[in-house]
Amino acid sequence: MNACPGELLDPAALAEACAVVDSPVSTLRAACERANDWLNREFRDGRDIGELLQLRAAAIDEVMRLLWARFAWGESRIALVAVGGYGRGELHPASDIDLLILVDDDAEDQHTAIEGFVTQLWDIKLDIGHSVRSVAECVAAAGSDITVCTTLMEARLIVGSEQLFQQMTTAIEADQRWDSAAFFRAKWDEQVERHAKYADTEYNLEPNVKGSPGGLRDIQTISWIALRQFGTGDPESLKDLGFLTEDELNILLRGREFLWRVRWALHMITGREENRLLFDYQRELAGLFGYQDSDIRLAVEQFMQRYYRAALAIAQLNEVLMQHFDQVILRSDAPEQIIDLNPRFQIRNGLLEVKDDEVFDREPSALLELFLLCAQDERIEGVFAATIRLTRERRELIDSEFRADPRNRKLFMDILRSSNKMALQLRRMHRFGILGKYLPEFGRIVGQMQHDLFHIYTVDAHTLEVVKNMRRLLYPEDQERFPVTSRVAARLPKIELLYIAGIYHDIAKGRGGDHSELGATDARSFCENHGVNERDTDLVVWLVENHLLMSGTAQRKDITDPEVINEFATVVGSQTYLDYLLALTVADINATNPTLWNAWRGSLLRQLYTETRRALQRGLDNQVGKQEAIASTQRQALERLEDRGFIAEEVKALWAEAGEDYFLREHVDDIVWHTEAIAQHYDKSTPLVLVKPDLVLQTDAATQIFIHARTQDYLFSVVTAALEQLHLSVLDARLYSSVEGMAMDSFFVLDESGASIASDSQRLEHIVEFLKATLTDRDRFPEVVARRTPRAVRYFSMPTETSLYVDSIKNVSVLEVTTPDRPGLLARIGRIFFEHGIVLQAAKITTLGERVEDVFFITDANHEPLEDPDLVVNIRNTICKELDEQAAA
């Protein structure tokens, strides 16, 4: 380990300073603080991180020795031993300093000195973790606990009895309770469990640089297993042993150096052992590492892409080496079963392998054939480690000539058309470094993050998840969750066209410009190069260009309006295009953020799909008009009400207070339910509040709350504030006012966590009673909710954006508000509407991670669109000003 330089810590001068004071604590504490400051300055100046880690360990060693020398240790043997990261000389600014105080069996006379030594270490403010054990206790603890065994394997003597230390290391090495095989199994299980805590992905939004897949612990696991098997965990030595190739060594060293620097920086800026790359620190680290915002990408996105690529490279290397360990350590004596496939490949004990190391050089197409075989032959369980390594080494054979070869283009299309674990093969191609070489446009998005809470995956991970979801639509076990989409996907004439659209729908993100248009250009080139006919090419290109069309229409427009359906159907044009678009949309939403999908979103897409299919069946020139739709809805509702004992005159009298929009936007079932409830509610001075009973409860279904009450000031604000106090999230609001001054409002809600409340009867009763009391007693009108905004949401600050235009078909103004999510948002906007004399007709609420994209359908007091330009400017400015001031507060 490196010697401690004088400018870091001068042992002789420090010893002299300690010699003239009764207690050395203050002197040593100050020395440690100066050393930390010096090391951080050296870090900022770009000094080699490996040196800095060893220098900090060396400085702590000197402090330990100076303090140790002040105690009388008696005649029994004793040793101070560094273990764990400190033992291997990797000590970050706030890492725990793990110590073993090794004693003889008869160390009774040392207890007082040990207690005093440890106490003074704490007084110096060193974050120590320590144990006191004899050699026999070390052996026993190591034998029963893999973590203790691992820690002692890296033990290093700081001061004390070298004989006792050697006795301990010899005993640990001789103990065979953790032989190579048992040690490997335990470490593999340990890694699997650790990875599961991080959802088995390198691409967490806030990864742990130490514990996440692709983090420092993955490197250490390789080193520990090698140390147990070969007697050395040093990367250079492993290369000399033939266990690591030159390329793999470089990947490991570069990745480790980067992760070390990130971890050091995290400790430095937080002043504690913080290993999580939280949003709070990502921007600061991006600046510290020299990244700057560009016109296309934020500095933080560039920094995080570097992190994700480093983590992915480490995870891929760890995967190969762990499999290699498995074959060398666990399966070396297993009987071999070899199945010959062709002149290039064979199956060895269920794993595909090349027959010799020259296969890819002789026939580069075999780099793709490997994955096609995995997709076609169910006997293949995986790929042999040596073949994975060879594939990674030979991926540079994939150049422009390789991509232009008709044989390779056909192989890739055959992979997409294969029926056996196709999505897995794309993931393998990605992890082996083949997919990004064959599709350079895909290679550019590897590790590319989108700096928000809406997209929880990097673009490459999201893309592969989309394709995986497309495959899931064909699996029987997923048909219950996506009944309509699964049936639609099963009848798609060429499923590979859907996969191509999935691969290319986001491939142009990060380039600037419209990623849908740029991606469509790439998709057309791919299709033309891979023999896709012109008709199918047009379909794929259209899907990429319009992949946001269906979700945007369902979530932001009034899909109960026939004109909206007609407009959407005109853009789609055919049943085939509609089917492919539905499958792409459902797969895309579920791959963006799993929390986005619920029965409410599913019902919106299902309704849009069903109504559009009917419109296409009728023909685009033979669409249902507004009055015809209203008449049809009223006729069906009246028939059902008459079956319940109502007479036509009675019903029409009740309906007189409802406008045309009510019959356009509400389902027949809801109109019947509302009408019955209003007819039975005789006291019009008290509000009617009902929760729609669910005949079939769904775990993620939205609950409809219907309110029939006198129109009053701030009604929307009052209701939404009350719903927020009830910890409910509003998804949709439909608001109607009659000439008699009665409001008929429906709110569709989930719990604020996104869960359904439909099955909680007690909570539903409480909601009804709370809303009744709130609407009856003006003194109980709730203030705008002022809960703390969650940490992750607070981090993503963005100015509020608004747009306002007139929908001439519906004769309303449409206000779109994009702003960070926060408590009390809807209530504030509703209050602004009232203060400006605005009538809210409906609201579509969409929460996308840390931001909302809400759409409000509004009119003036005469139920006409907003035509006063001053009023339009004033309301937009007021919303932006108030919401941004609240966010900054």
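Structure values in brief
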quantity: Residue among VAL328, VAL354, VAL359, VAL300 that is open to solvent by 50 Å² or more (accessible area, probe 1.4 Å) and either in contact with a helix residue (DSSP H, G or I) (Cβ under 8 Å, 6 or more places away or on another chain) or of a type in the set (Ser, Thr, Tyr) (or both); calculated: VAL328
quantity: Any hit, the range 367-386, residues being under 26 Å from ARG228 (Cβ atoms) and assigned to a helix (DSSP H, G or I); calculated: yes
quantity: Selection from the range 733-776 of residues that are free of Cβ contacts under 8 Å to residues at least 12 places away in the same chain and either in contact with a Lys or Arg (Cβ under 8 Å, 6 or more places away or on another chain) or of a type in the set (A, V, I, L, M, F, W, C) (or both); calculated: ALA773
quantity: Boolean, GLU202 is charged (D, E, K, R), open to solvent by less than 60 Å² (accessible area, probe 1.4 Å) and over 20 Å from ASP98 (Cβ atoms); calculated: yes
quantity: Qualifying residue in the range 265-282 (condition: touching an Asp or Glu at 6+ places or on another chain (Cβ under 9 Å), β-branched (Val, Ile, Thr), at negative phi and buried (at least 19 other Cβ atoms within 10 Å of the Cβ)); calculated: no
quantity: Hey, ARG185 surrounded by 20 or more Cβ atoms within 10 Å (Cβ to Cβ) and not in a loop (DSSP other than H, G, I, E, B) or not; calculated: no
quantity: Selection count, the range 627-664, where residues are surrounded by fewer than 16 Cβ atoms within 10 Å (Cβ to Cβ) and under 27 Å from THR570 (Cα atoms); calculated: 5
quantity: Scope the range 762-780; condition modelled with pLDDT under 90, out of contact with any Pro (no Cβ under 9 Å at 6 or more places or on another chain) and surrounded by 11 or more Cβ atoms within 10 Å (Cβ to Cβ); matching residues; calculated: ALA773, ARG778, ARG780
quantity: Subset of the range 581-626 that is surrounded by fewer than 17 Cβ atoms within 10 Å (Cβ to Cβ) and among the small types (Gly, Ala, Ser) - its residue that is farthest from ASP661 (Cα to Cα); calculated: GLY619
quantity: Members of the range 115-134 that are surrounded by fewer than 18 Cβ atoms within 10 Å (Cβ to Cβ), aliphatic (A, V, I, L, M) and in a helix (DSSP H, G or I); calculated: VAL118
quantity: Residues of the range 157-188 that turn out to be closer than 24 Å to ILE78 by Cβ and in contact (Cβ under 8 Å) with a residue 24 or more places away in the chain, as a count; calculated: 14
quantity: Any hit, the range 3-22, residues being closer than 15 Å to LEU91 by Cα, small (Gly, Ala, Ser) and not in a helix (DSSP H, G or I); calculated: yes
quantity: Where a residue in the range 480-491 is closer than 13 Å to GLY602 by Cβ and its partner, wherever it lies, is open to solvent by 20 Å² or more (accessible area, probe 1.4 Å) and basic (Lys, Arg), with Cβ under 7 Å and at least six apart; calculated: VAL484/ARG606
quantity: Residues located in the range 56-106, provided they are touching a Lys or Arg at 6+ places or on another chain (Cβ under 6 Å) and open to solvent by 20 Å² or more (accessible area, probe 1.4 Å); calculated: ASP104
quantity: Among residues of the range 561-580, those that are of a type in the set (Val, Ile, Thr), under 19 Å from THR537 (Cβ atoms) and buried (at least 19 other Cβ atoms within 10 Å of the Cβ), counted; calculated: 1
quantity: Residue that is surrounded by the most Cβ atoms within 10 Å (Cβ to Cβ), among those in the range 231-259 that are farther than 17 Å from ARG389 by Cα and of a type in the set (Lys, Arg); calculated: ARG256
quantity: When residues of the range 709-744 are limited to those that are within 23 Å of ARG822 (Cβ to Cβ), in a strand (DSSP E or B) and not hydrophobic (A, V, I, L, M, F, W, C), the one least open to solvent (accessible area, probe 1.4 Å); calculated: ASP732
quantity: Subset of the range 217-236 [over 15 Å from PHE325 (Cα atoms) and in contact with a Gly (Cβ under 9 Å, 6 or more places away or on another chain)]; calculated: ARG217
quantity: Some residue of the range 215-227 being in contact (Cβ under 8 Å) with a residue 60 or more places away in the chain and in a loop (DSSP other than H, G, I, E, B); calculated: yes
quantity: Segments classed as helices (runs of 4 or more DSSP H), wholly inside the range 537-647, with at least 3 members that are modelled with pLDDT under 85 and under 35 Å from the mean Cα position of the chain (by Cα); calculated: 599-618
quantity: Where a residue in the range 521-532 is in contact (Cβ under 8 Å) with a residue 40 or more places away in the chain and under 16 Å from ARG403 (Cβ atoms) and its partner, wherever it lies, is in a helix (DSSP H, G or I) and open to solvent by 70 Å² or more (accessible area, probe 1.4 Å), with Cβ under 9 Å and at least six apart; calculated: HIS530/LYS410; GLY531/PRO406; GLY531/LYS410
quantity: Where ALA366 falls short, out of the listed (1) hydrophobic (A, V, I, L, M, F, W, C); (2) modelled with pLDDT under 90; (3) closer than 25 Å to ALA423 by Cα; calculated: (2)
quantity: Verdict on GLU657 being modelled with pLDDT under 85, in a helix (DSSP H, G or I) and out of contact with any His (no Cβ under 6 Å at 6 or more places or on another chain); calculated: no
quantity: Restricting the range 157-182 to residues that are of a type in the set (Gly, Ala, Ser) and open to solvent by less than 50 Å² (accessible area, probe 1.4 Å), the residue that is modelled with the lowest pLDDT; calculated: SER180
quantity: Subset of the range 140-156 (residues that are crowded, with 19+ Cβ neighbours inside 10 Å, in contact with a strand residue (DSSP E or B) (Cβ under 9 Å, 6 or more places away or on another chain) and in contact (Cβ under 8 Å) with a residue 24 or more places away in the chain); calculated: THR151, LEU152, GLU154, ALA155
quantity: Which numbered condition SER797 misses (of (1) surrounded by 15 or more Cβ atoms within 10 Å (Cβ to Cβ); (2) part of a loop (DSSP other than H, G, I, E, B); (3) at pLDDT below 85; (4) not hydrophobic (A, V, I, L, M, F, W, C)); calculated: (1)
quantity: Hits in the range 431-442 (condition: modelled with pLDDT under 95 and either among the acidic types (Asp, Glu) or assigned to a helix (DSSP H, G or I) (or both)); calculated: ARG431
quantity: Lone unmet requirement of (1) touching a Ser or Thr at 6+ places or on another chain (Cβ under 7 Å); (2) among the polar types (S, T, N, Q); (3) closer than 21 Å to ILE832 by Cα for GLN725; calculated: (1)
quantity: Where GLU33 falls short, out of the listed (1) in a helix (DSSP H, G or I); (2) of a type in the set (Asp, Glu); (3) farther than 27 Å from PHE165 by Cα; (4) in contact with a helix residue (DSSP H, G or I) (Cβ under 7 Å, 6 or more places away or on another chain); calculated: (4)
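The values are calculated or read from the model by the stated rules, or taken from the named source; none is laboratory data. Keep in mind it's a predicted model, so treat the numbers as computed, not measured. Neighbour counts are summed over all protein chains in view; Cβ atoms, including those assigned to glycine, are modelled from backbone coordinates with ideal geometry. Surface areas here come from the heavy atoms of the whole protein model, side chains and all, with no ligands, DNA or RNA. Shrake-Rupley method; radii C 1.70, N 1.55, O 1.52, S 1.80 Å.
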